[in-house]
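Novice: I'd like to ask you about the structure that follows.
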Amino acid sequence: MNDATLEKFDGEADHVHLLVLYPPRIALSVLVNSLKGVSSRRLRQNFDIFKKEYWGENVALWSRSYFVASVGGAPIEILKQYIEQQKTPD
């Protein structure tokens, strides 16, 4: 998705936090599905632990669920600071 920009990434063992800037014409469901699809393919290509021979052919790397929140007029720097304070996945 060339019109979206990943500004910040961090998370915890069971979820991630992404700060993504994107134009309002992109549907959130399309954006999330694109992020999950691309990241899953790249992880499987680059890291042995995520390859299909370990997980099986039809095992999804990501769950189908997601949570999205709008932040209205919150300053980007405050949002970046919040994400930086999350525990980085091991």
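Novice: Which of (1) modelled with pLDDT under 75; (2) in a helix (DSSP H, G or I) does S39 not meet, given it meets every other one?
Specialist: It fails just one condition, (1).
Novice: Filter the range 19-36 for residues that are surrounded by 13 or more Cβ atoms within 10 Å (Cβ to Cβ) and free of Cβ contacts under 8 Å to residues at least 24 places away in the same chain; which is nearest to A74 (Cα to Cα)?
Specialist: Ranking the qualifying residues of the range 19-36, first place goes to V20.
Novice: Which residues, counting only those in the range 2-36, are under 13 Å from the mean Cα position of the chain (by Cα), over 19 Å from Q85 (Cα atoms) and not in a helix (DSSP H, G or I)?
Specialist: Within the range 2-36, A4, T5, L21 qualify.
Novice: Checking the conditions here, which among I49, I78 is farther than 17 Å from Y22 by Cα, modelled with pLDDT of 85 or more and either in contact with a Lys or Arg (Cβ under 9 Å, 6 or more places away or on another chain) or aliphatic (A, V, I, L, M) (or both)?
Specialist: Residue meeting the stated conditions: I78.
Novice: Any residue in the range 55-71 that is closer than 18 Å to K8 by Cα, out of contact with any Pro (no Cβ under 7 Å at 6 or more places or on another chain), at pLDDT below 85 and surrounded by fewer than 10 Cβ atoms within 10 Å (Cβ to Cβ)? Walk me through how you get there before you give the answer.
Specialist: The initial filter retains those residues of the range 55-71 that are closer than 18 Å to K8 by Cα, namely 66-71.
Adding the requirement that they be out of contact with any Pro (no Cβ under 7 Å at 6 or more places or on another chain) leaves 66-71.
Now restrict to residues that are at pLDDT below 85: 69-71.
Keeping just the survivors that are surrounded by fewer than 10 Cβ atoms within 10 Å (Cβ to Cβ) gives 69-70.
For the range 55-71, residues closer than 18 Å to K8 by Cα, out of contact with any Pro (no Cβ under 7 Å at 6 or more places or on another chain), at pLDDT below 85 and surrounded by fewer than 10 Cβ atoms within 10 Å (Cβ to Cβ): present.
Novice: Contact list please: Cβ distance under 8 Å, first residue in the range 67-82 and over 12 Å from E7 (Cα atoms), second residue of a type in the set (V, I, T) and surrounded by 10 or more Cβ atoms within 10 Å (Cβ to Cβ), pairs at least six apart or on different chains.
Specialist: From residues that are over 12 Å from E7 (Cα atoms), the pairs are V68/V32.
Novice: Just for the range 81-90: of the residues that are polar (S, T, N, Q) and part of a loop (DSSP other than H, G, I, E, B), which one is modelled with the highest pLDDT?
Specialist: That would be Q85.
The values are calculated or read from the model by the stated rules, or taken from the named source; none is laboratory data. Everything numeric here is computed off the predicted structure, so don't read it as measured data. Here Cβ is always computed from backbone atoms with ideal geometry, including for glycine, and neighbour counts include all displayed protein chains.
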